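The values are calculated or read from the model by the stated rules, or taken from the named source; none is laboratory data. Note that this is a predicted model, so its numbers are computed, not measured. Here Cβ is always computed from backbone atoms with ideal geometry, including for glycine, and neighbour counts include all displayed protein chains. We work out accessible area using only protein heavy atoms, side chains counted, and drop any ligands, DNA or RNA first. Shrake-Rupley method; radii C 1.70, N 1.55, O 1.52, S 1.80 Å.
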Amino acid sequence: QVQLVESGGGLVQAGGSLTLSCTASGNLFGLNTMRWHRQAPGKQRELVAQITRGGSTNYADSVKGRFTISRDNAKNLVYLQMNSLKPEDTAVYYCAADVRLRTYWGQGTQVTVSS
């Protein structure tokens, strides 16, 4: 089993910054790509950013230049640094990890950006 726990969400004003963290634990043999997704009320869950074990990254167009994903393989941590936040970034942010051909999800953390 694999467990993912997110932290770092909260309320921030537009233009502000937040850093989300996700800690993976359990049987992590074969841990590969880690991702951040988000889901706003009434909308589908969408991919925000992803990072491979080797450090290759990919971002949604809506967050390019504002968000940065990084990971610490030794500590099984993945981060999402979010700058220049906008009200439309308001959502529940979920961490996901691909482990041995399965995808595991965290419980999510709320990010609210006020205008």
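Computed with every protein chain present, the accessible area of Ser7 is close to 60 Å² [probe 1.4 Å].
Taken over the alpha carbons of region 1-109 as equal point scatterers, the Debye sum produces base-10 log I(q)/I(0) values at 0.10, 0.17, 0.21, 0.23 Å⁻¹ of -0.25, -0.74, -1.11, -1.32.
Expressed in Å, the radius of gyration and Dmax of the Cα atoms of region 73-115 are 13.2, 42.
A 1.4 Å probe over all protein chains sorts Glu88, Glu46, Glu6 by accessible area into Glu88, Glu46, Glu6, starting with the largest. Element breakdown for region 43-86 at a 1.4 angstrom probe: carbon and sulfur atoms account for 41% of the accessible area.
Projected onto its three principal axes, the C-alpha set of region 1-63 covers 39, 24, 23 Å, listed from the longest axis down. Only Lys, Arg, Asp and Glu carry charge here, each on its Cβ (+1 for the first two, -1 for the last two); on that basis the chain has a dipole of about 200 debye about its Cα centre. With every protein chain in place and a 1.4 angstrom probe, the accessible-area ranking of Arg45, Arg35, largest first, reads Arg45, Arg35.
A cut-off under 15 angstrom between Cβ atoms defines the neighbours of Met34, and their net charge, with Lys, Arg +1 and Asp, Glu -1, is +4.
Given an 8 Å cut-off on Cα distances and at least 6 residues of separation, report the relative contact order of the chain as a percent. Contact order relative to length: 37 percent. Rolling a 1.4 Å probe over the heavy atoms of the protein chains gives the chain an accessible area of 52 Å² per residue.
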